[in-house]
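Below is one structure; the comments refer to it alone.
The values are calculated or read from the model by the stated rules, or taken from the named source; none is laboratory data. All values derive from a computational prediction rather than experimental measurement. As a convention, Cβ positions derive from the backbone with ideal geometry for all residues, glycine included, and neighbour counts pool all protein chains shown. In case anyone asks, the SASA skips ligands and DNA or RNA and just uses the protein heavy atoms, side chains included. Shrake-Rupley method; radii C 1.70, N 1.55, O 1.52, S 1.80 Å.
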Amino acid sequence: MTRVALRAFSLCALTRLGTRQIVSHSRRLPTHLTTSASRWTSTVSEAQTPFPIFRDVPPLREMRKKMFREGKEVGFVATMGALHDGHLSLVRHALQENTDVFVSIFVNPTQFAAHEDLDSYPKTWEDDLRKLKQVQDEHAASSGPNSGSKIRGVFAPTVKVMYPTLPPSSDIAGSGSFVTITPLGNQLEGSSRPIFFRGVATVCTKLFNIMQADRVYFGQKDIQQCVLIKRMVKDFHIPTEVRVIPTSREPDGLAMSSRNVYLGERRRQDAVVLSRALFAARDLYNSGELRGKMIRNAAYDVFNQGSLVKRKDGQLGGSCQLEIDYIALSEPDSMGMIPDFAKVDPRRGAILSAAVYVQPVDEPRSEEEVGQRVVRLIDNVILEPREGETK
């Protein structure tokens, strides 16, 4: 059976499952999950939006089946809203490489632990649609490849649509239908956030099954997520290509993230040490260094000898305390740790990733700074394979 026929068979079989009415499920949800079912309700009539808005699966599947028959190539960008230039870069790549593009906006509750404030996630529905329309208009005005491609719709489901049988659980032993990828999902970010990758794998499996896209687009900033999604697609024979797009960065090098909005001006100036540390370690690798310990130490040295200072408690900081969660050197296809005593195989390269906790400023100067919370930032660089080298 061909790839297109396989997808068409899957779509037809799943469509026969029938149509459900969307029913509010909020009374059955844990407190930290209740808001997300309706968080994308717009103050503007959806008839006035620049793209079709899909709140349920059957209408989207009907459009998708028509595209199969017409031989369209479909790209898909999954987001949780609060779109920034990193997200828009993924959409631009999707428009360049496909005839039709879909974007999802869904804050997935199952990747938030009970103690994490799901309701504080930024909600910018009208602004998100405006940005997507601007990207489409720019693409249409270009003379690049597939300049006639368009964003065909935004999938913004409720929690009930995405989790139709049981309320979603954020408990490690909670009931529900989940996808787990181990040991990859238990390492690094998975160690700090035990249910995170279970939630990511579950919602992406659902979205890929609904969308049946030829290509899906993810940003390198979330590198462990990218590796996990590639593994999931391979292991479950999902007929889609995973495209990983290089990290979009601010002019000072800080990786673009929806969390950056929480930093404020002073903490943001301190936080750029994260990318500088990773760049320094990458430069050392590019100069010929292969020893894992030396590469990681190059990153630590930037934290210890840069603009930050040692505090009385031994922690590093500037206007605030920065706590290093990890600086990890990993195999590129499994995120398995490369120990300090080992060397990077130059034929394979490696991933150098890091995470830091940015504490509130020590001496608040404004109401915004008084209300600051801890922000956790992640970043990474790719240590590229080198042609013709031996280990």
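Numbers at a glance
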item: Within segment 184-274, helices (runs of 4 or more DSSP H) holding 1 or more residues that are assigned by the TED database to the domain that holds Phe106; result: 189-192, 196-211, 223-235
item: Of residues in segment 155-177 being of a type in the set (Val, Ile, Thr) and open to solvent by 80 Å² or more (accessible area, probe 1.4 Å), the one modelled with the lowest pLDDT; result: Ile172
item: Selection count where residues are open to solvent by less than 30 Å² (accessible area, probe 1.4 Å), under 16 Å from Arg296 (Cβ atoms) and in contact with a Pro (Cβ under 8 Å, 6 or more places away or on another chain), scope segment 333-391; result: 3
item: Scope segment 349-373; condition in contact with an Asp or Glu (Cβ under 9 Å, 6 or more places away or on another chain) and among the basic types (Lys, Arg); matching residues; result: Arg373
item: Test for Gln212: is it open to solvent by less than 70 Å² (accessible area, probe 1.4 Å), more than 27 Å from Ser275 (Cβ to Cβ), of a type in the set (S, T, N, Q) and touching a residue at least 12 places away in the same chain (Cβ under 8 Å); result: yes
item: Residues (within 16 Å of Asp325 (Cα to Cα) and at pLDDT 95 or above) located in segment 361-381; result: Leu377, Ile378, Asp379, Asn380
item: Condition check for Asp128: among the acidic types (Asp, Glu), assigned by the TED database to the domain that holds Met232, farther than 27 Å from Arg69 by Cα and surrounded by 20 or more Cβ atoms within 10 Å (Cβ to Cβ); result: yes
item: Selection status of Ala140, exposed (fewer than 15 other Cβ atoms within 10 Å of the Cβ), outside any helix (DSSP H, G or I) and hydrophobic (A, V, I, L, M, F, W, C); result: no
item: Val101 in the same structural domain as Thr240 (by the TED database), outside any loop (DSSP other than H, G, I, E, B), at pLDDT 95 or above and in contact with a Ser or Thr (Cβ under 8 Å, 6 or more places away or on another chain); result: yes
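To keep it simple, each residue is scored yes or no on (1) open to solvent by 40 Å² or more (accessible area, probe 1.4 Å); (2) within 11 Å of the chain's Cα centre (by Cα); (3) within 18 Å of Asn380 (Cα to Cα).
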| site | (1), (2), (3) |
| --- | --- |
| Thr202 | no, no, no |
| Tyr217 | no, yes, yes |
| Cys226 | no, yes, yes |
| Lys234 | yes, no, no |
| Arg268 | yes, no, yes |
